[in-house]
Amino acid sequence: MLRFNPSQLLVIVFAAGIILGAVLLKLPVATHGSIRWLDALFISASAMTVTGLATVDPGSTFTTFGQTIIAVLIQLGGLGIMSFAILTYMVLGKKIGIKERLVMQQALNQTSIGGVVNLVKYLFLFSIMIEFIAMVFLSFRWVPEFGWSQGLFYSFFHSISAFNNAGFALWPDNIIRYVNDPLVNIVISSLFIIGGIGFTVLLDIWKKRKFSKFSLHTRIMLVGTLVINVIAMLFIFFVEYSNPDTLGNLSTGGKLLASYFQAVSPRTAGFNTLDMASLDEATLFLMIILMFIGGGSASTAGGIKLTTAIIIVLATITFLRGKEDITIGRRSIHARYILKALAIAMVSLMFVLTAIFILTISEKASFIEILFEIVSAFGTVGLSMGITGSLTDLGKEVIIVIMFIGKVGPLTLLFSLAKPQKQKIKYPNEDILTG
């Protein structure tokens with residue numbers, strides 16, 4: 001009998017979900033015409049990994065049934081297939097064993113198996129509540145515009161897509177048409193910020209209510225998210241202020257709203273109210289950095305995660321100051337988390353650079369377009385400069401792999417392929433020259 005470790009099981013279940021999704025999207029009832037198997041697989045992978053990149057237009061290519069399948073795949077991918085499996089176990093009254101808890105620990109990126117079942121319960125209740133509230137608000141905008149049936153479905157679809165940081169929209173221009181609409185901008189951005197900050201952070205806030213009582217992880221996420229978003233917003237506002245193809249023709253209020261939306265979206269949301277291809281290269285480069293960093297651990301977001309980036313920065317500052325212990329908020333960070341952060345960053349960079357190298361050979365696109373596309377796929381963001389639909393078959397296959405790696409995590413994928421062994425022998429230290 002085959003036995004899989006948590007990492008292997010997580011990879012297998014996600015891959016199976018993507019394949020099943022592709023089969024469903026290839027059904028005649030799911031599309032208005034016929035699509036290629038590769039495109040069905042691409043859309044399924046993009047939905048399950050909550051990315052949002054699309055080789056075909058979801059709004060015109062898929063029927064309501066097909067779009068509903070995409071929404072289900074997004075929900076499964078965002079909250080986790082294993083989370084749904086655990087919920088089913090609980091509904092059926094079955095006992096949640098150690099193996100299931102270990103898989104959930106891996107899927108939700110927790111440091112221990114304690115409390116993972118309760119976390120799943122809160123995760124579902126909170127997600128359903130937030131998505132329903134957002135759907136109601138969005139319906140005030142889209143029901144009058146599209147009618148009850150289509151308006152409610154649009155509200156339902158985009159609430160799920162936004163909360164799970166998927167970035168799928170049912171219009172060819174994403175949501176550029178709503179660049180000046182405060183309701184759509186605020187509701188959509190609030191959804192993907194809440195979804196991307198991390199479920200452990202949200203649970204901590206719900207239980208403790210006071211900033212001083214929050215865990216170190218929660219405080220880092222809240223402060224780090226606020227600082228990065230404000231800096232990015234101001235940067236985009238001043239760089240794009242006079243660009244006639246982006247902010248130039250908007251009012252001051254519209255410029256601030258659009259700058260804010262584009263600043264928070266690269267944190268793996270994938271929605272855009274400005275044309276990415278028209279942005280200044282400085283803005284694009286900033287977005288690439290934000291997409292690579294991503295959101296919070298145990299969230300619907302991708303990337304190497306904000307806490308990983310902060311730990312690496314703190315480790316660098318600590319070394320430059322000649323200190324040995326990394327401290328933040330009167331707490332020391334254990335060496336194993338520093339090693340894990342460095343491993344995540346280096347392995348992620350290795351996968352991204354390899355994909356970029358392949359696409360520079362296979363695609364007829366500029367380097368900045370390829371770099372943007374690959375980092376967007378790895379960070380499960382979904383923003384694009386417009387080259388997704390024109391990718392070669394090899395390019396599409398590479399993007400599918402990168403989206404998959406970005407979702408399950410590069411270390412999880414490597415752990416599923418290799419068998420880590422504990423070191424039983426310690427050797428004497430010796431200095432080597434570095435730098």
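Computed values, structure above
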read-out	value
Condition met for Ser259 (hydroxyl-bearing (Ser, Thr, Tyr), assigned to a helix (DSSP H, G or I), modelled with pLDDT under 95 and closer than 25 Å to Phe140 by Cβ)	no
Filtered residues of the range 175-213 (kept if in a loop (DSSP other than H, G, I, E, B) and either touching a residue at least 12 places away in the same chain (Cβ under 8 Å) or under 20 Å from Met276 (Cβ atoms) (or both))	Ile175, Val179, Asn180, Asp181, Gly198
Test: residue in the range 24-33 that is in a helix (DSSP H, G or I), touching a residue at least 60 places away in the same chain (Cβ under 8 Å) and open to solvent by 40 Å² or more (accessible area, probe 1.4 Å)	no
Number of the condition not met by Phe271 [criteria: (1) assigned to a helix (DSSP H, G or I); (2) among the aromatic types (Phe, Trp, Tyr); (3) in contact with a helix residue (DSSP H, G or I) (Cβ under 7 Å, 6 or more places away or on another chain)]	(1)
Residue match in the range 39-52 (condition: over 20 Å from Gly167 (Cβ atoms) and either of a type in the set (Gly, Ala, Ser) or not in a helix (DSSP H, G or I) (or both))	no
Tabulated pairs, the range 346-364, first open to solvent by less than 60 Å² (accessible area, probe 1.4 Å), second of a type in the set (Ser, Thr, Tyr), C-beta under 6 angstrom, 6+ apart or interchain	Ser362/Thr392
Flag if Gly151 is at pLDDT 95 or above and small (Gly, Ala, Ser)	yes
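The values are calculated or read from the model by the stated rules, or taken from the named source; none is laboratory data. Small disclaimer: the values here were computed from a predicted structure and weren't measured. Cβ atoms come from the backbone with ideal geometry, glycine included; neighbour counts cover every protein chain shown. Heavy atoms of the whole protein, side chains included, go into the accessibility calculation; ligands, DNA and RNA do not. Shrake-Rupley method; radii C 1.70, N 1.55, O 1.52, S 1.80 Å.
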